[in-house]
Amino acid sequence: MTTTPPESHPRLAIAVLCAAGVVVAVMQTIIVPLIPSLPTLLKTSQTNASWALTITLLVGSVITPIAGRLGDMFGKKRMVVASMAAVSVGSAVCALAPGLFVFMIGRGLQGLGIGTIALGISLMRDIVPAERLSGSVGAMSASLGVGGSLGLPFAAAIADNLNWHALFWVSAAVALLAGVAVVVTVPDHGTPTGGRFDYPGAAGLTVLLTCILLAVSKGNEWGWGSPVTLGLFAGFVVSTIWWCRWERRRENPLVDLRLNVRRAVLLTNLASIASGFAFYAMQMIPIQILMAPTGANAAGSLGFGLSMVLASLVLMPGGLVMFVFSSVSAALTGRYGARVSLSLGSLVMGGSYTVLLVMITGPWAGNWMWLLAANILSGAGLGIAYSAMPALIMRWVPVSHTGEANGVNALMRSVGTSLATAAVGMILSASTVAVQTSGGTAVPLPSSGAYVWGVCIALTTCLLATVTALSIPARRPVDEETVV
């Protein structure tokens, strides 16, 4: 359903929204080239410096469903502009930061913009003709992969040739321009639902997500049996029980649980968790192999000895392929349905891990071409799958809850990436070999067996996503036809 006449197709607005999505996705990866030098730059320890990455992902996961609900209530365009403003201000704060505390405030503000992609998808339902909606949503979904693939070389080039302050000043300027472009070009035809915002529900959601995401992402570092980790898991259980009871009693809840436990919506979200896991595992494994020293091959590990810039350039085509295949997903969805597109995309992602597995276990000497092929396959699968998820969500939820439902779906993908960080990170660190660097020092790197286990687990999640997608009902029951 759309409120826009079929003859009105705001192509420029769609391009601007996709560009805003790319900007936000870049913010998640621009800090990666700085990680080794952050303790020196911010005058802190390596452990404390890791929070500069964690805080952005944590804030982004929490704000995504909240921003979606606020978009439904007060206007999706308004929330997109606010998100881009937060990214711009946060980038400026990072550029001026004298130490870790202020830098983390800036990174947290950048995280407030992560809900832009889910908001943009929901906004498109209001402004794009129905016959063009699938392709537009696919392009917006694919902006995540494009931004992720461009982020590393973009950040590494600026950090190498200028300085780390310039990296964040450029980010602030780009985010500001994107926000202004949204104001100028994007129409706002949707009707906000209004109502009173559920502040206790937002606080409860923040607590439960903080508990589970911190426990999962930091459990390997703190120890899975440590009092802090166990306390966070306990806090998650208690806060989740309270939050669910609160939301069920609310007349205008932050998250409509009855809507999100419908079979089609629930299965789509479960498939999104598995797809998010597969997506981030592909970010974690190839980059380590590409950048590990070549001596790792003789020591029982894998390494091709590339610099970060070269390694990121090898992986960059995956994001561009993701964008191209979002249009393929739209065509498949139009002909066979979004559930078929989601299952096919998950299968193609499984193919990328099969390539990795063959490279690692085969009797031949691997090279970066294998990882390029795996990354391209992964990008194709992600382009198909990620574009199908919003199409499924919007098919099964009312227009008045589009922002909320897409926010929850984006949150499920974030949960999947957090699980990948924990599971794959734990596996790769559990089995290591000592490898001599060119400087003569020995560094621990994942063994080839650890890579095999990591790849096999990611391949399994792809198969689970395929089965889950095929379990989604092909047609909406008659009694639910009237809600959309």
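FYI, it's all coordinate maths here, none of it is from the lab. Small disclaimer: the values here were computed from a predicted structure and weren't measured. Methodologically, a virtual Cβ is constructed for each residue, glycine included, from the backbone with ideal geometry; neighbour enumeration extends over all protein chains shown.
Given the alpha-carbon gyration tensor of segment 235-280, what are the semi-axes of its equivalent ellipsoid in whole angstrom, ordered largest first, with each equal to the square root of 5 times an eigenvalue?
Values: eigenvalues 112, 46, 12 Å².
Calculated on Cα positions only, the semi-axes equal 24, 15, 8 Å.
For Val433, which sequence-distant residues (separation of 5 or more, or a different chain) have an amide H within less than 5 Å of its own amide H, given hydrogens modelled in the peptide plane?
Close amide H contacts, sequence-distant or interchain: Leu445, Ser447.
Mean projection of the alpha-carbon convex hull of segment 198-253 over all orientations, in nm²? Don't skip to the end; give the middle numbers.
Numbers: hull surface 14.0 nm².
Mean shadow area of the hull around the Cα atoms is 3.5 nm².
Could you size up the charge dipole of segment 115-227 around its Cα centre, putting +1 on the beta carbon of Lys and Arg and -1 on that of Asp and Glu, and report it in debye to the nearest 20? Walk me through the intermediate numbers first.
On the way: 4 positive and 6 negative charges, 22 e Å.
The calculation lands at about 100 debye.
Which ³J(HN,Hα) values in Hz, rounded to whole numbers, follow from the phi angles of segment 284-295 under the Karplus curve 6.51 cos²θ - 1.76 cosθ + 1.60, where θ = phi - 60° and Gly and Pro get x?
For segment 284-295, the Karplus curve yields 7, 7, x, 5, 5, 5, 5, 8, 5, x, 4, x Hz.
At what distance in nm do the modelled label points of Val309 and Thr191 sit from each other, each positioned 7 Å from its Cα along Cα→Cβ?
With each label placed 7 Å out from Cα toward Cβ, I get 5.5 nm.
Write down the Kirkwood hydrodynamic radius of segment 27-140, to one decimal in angstroms, obtained as one divided by the mean of 1/r over all alpha carbon pairs.
On the way: mean 1/r = 0.0663 Å⁻¹.
Across segment 27-140, the inverse of the average 1/r is 15.1 Å.
Just add up the charged neighbours of Arg69: K/R +1, D/E -1, any other residue whose Cβ is under 12 Å from the Cβ of Arg69.
-2
Relative contact order (percent) for the chain, with alpha-carbon contacts under 8 angstrom and 6 or more residues of separation?
Once divided by the residue count of the chain, the mean separation gives 22 percent.
In which sequence would Thr333, Thr432, Thr210 go, from the one with the fewest C-beta neighbours within 10 Å to the one with the most?
The fewest-first ordering by Cβ neighbours comes to Thr432, Thr210, Thr333.
What ranking, highest mean first, results for peptides 304-317, 264-277 when packing means the other Cβ atoms within 10 Å averaged over each residue?
Taking the mean over residues of other Cβ atoms within 10 Å, the ranking is 264-277, 304-317.
If you line up the long axis of helix 368-396 against the longest principal axis of the chain, both from Cα atoms, how many degrees apart are they, to the nearest 10?
Compared with the principal axis, the helix lies near 20 degrees.
Hey, got the Cα dimensions of the chain along the principal axes, in Å, largest first?
Sorted largest first, the three principal extents are 68, 49, 46 Å.
If I histogram all Cα-Cα distances within segment 262-484 using bins 10 Å wide from 0, what percent of pairs lands in each bin?
Taking every Cα pair in segment 262-484, the percentages come to 9, 32, 31, 17, 8, 3, 0.
May I ask you to evaluate 6.51 cos²θ - 1.76 cosθ + 1.60, the Karplus curve with θ = phi - 60°, for each residue of segment 255-267 and list the ³J(HN,Hα) values in order in whole Hz, giving x for glycine and proline?
10, 7, 5, 4, 5, 7, 9, 4, 3, 5, 5, 4, 5
Taking Cα pairs under 8 Å and at least six residues apart, what relative contact order does segment 262-484 come out at, in percent? Display every interim value, and only then the final one.
On the way: 378 pairs, mean separation 80.8, N = 223.
Reported relative contact order: 36 percent.
Which residues in segment 264-296 have a backbone N closer than 17 Å to a point placed 7 Å from the Cα of Ala373 along the Cα-to-Cβ line?
Residues 286, 290 qualify, since their backbone N sits under 17 Å from the label point.
Tell me the label-point distance for the pair Ala234, Arg263, using the 7 Å Cα-to-Cβ offset, in nm and rounded to one decimal.
Modelled inter-label distance: 4.0 nm.
Using the beta-carbon distance between Asn163 and Arg250 and R0 = 30 Å, what value does 1/(1 + (r/R0)^6) give for FRET efficiency, to the nearest 0.05?
The value I calculate is 0.05.
Cα centroid distance between segment 341-415 and segment 77-149, in Å?
20 Å
For segment 1-196, treating each Cα as an identical point scatterer without solvent, what Debye log10 I(q)/I(0) comes out at q = 0.11, 0.18 1/Å?
So the normalised log intensities work out to -0.49, -1.12.
Using the Karplus equation 6.51 cos²θ - 1.76 cosθ + 1.60 (θ = phi - 60°), what ³J(HN,Hα) coupling, rounded to whole Hz, does each residue of segment 51-66 give in order, writing x for Gly and Pro?
My calculation for segment 51-66 gives 5, 5, 8, 5, 5, 5, 5, 5, 4, x, 5, 5, 6, 4, x, 5 Hz in order.
Provide the convex hull volume over Cα atoms per residue for segment 107-199, in Å³. All intermediate terms of the calculation are to be shown ahead of the outcome.
On the way: hull volume 12.2 nm³, N = 93.
With only Cα atoms used, segment 107-199 gives 132 Å³ per residue.
Can you give the charge dipole size of segment 1-196 about its Cα centre, rounded to the nearest 20 debye, using +1 on the beta carbon of Lys and Arg and -1 on the beta carbon of Asp and Glu?
Details: 10 positive and 6 negative charges, 62 e Å.
For this selection, approximately 300 debye.
Work out the length of the dipole vector of the chain about its Cα centre, built from +1 on the beta-carbon of each Lys and Arg and -1 on the beta-carbon of each Asp and Glu, and round it to the nearest 20 debye.
500 debye
Exposure proxy check: Arg339, Arg263 ranked by fewest other beta carbons within 10 Å?
Lowest count first: Arg263, Arg339.
Tell me, Thr54, Thr64, Thr441 in order of fewest to most beta-carbon neighbours within 10 Å?
Thr441, Thr54, Thr64
Give me the Kirkwood hydrodynamic radius of segment 365-428 in Å, from all C-alpha pairs, to one decimal place?
14.2 Å
If I take every Cα pair under 8 Å that is 6 or more residues apart in segment 15-156, average their sequence separation and divide by the length, what percent do I get for the relative contact order?
Relative CO of segment 15-156 lands at 40 percent.
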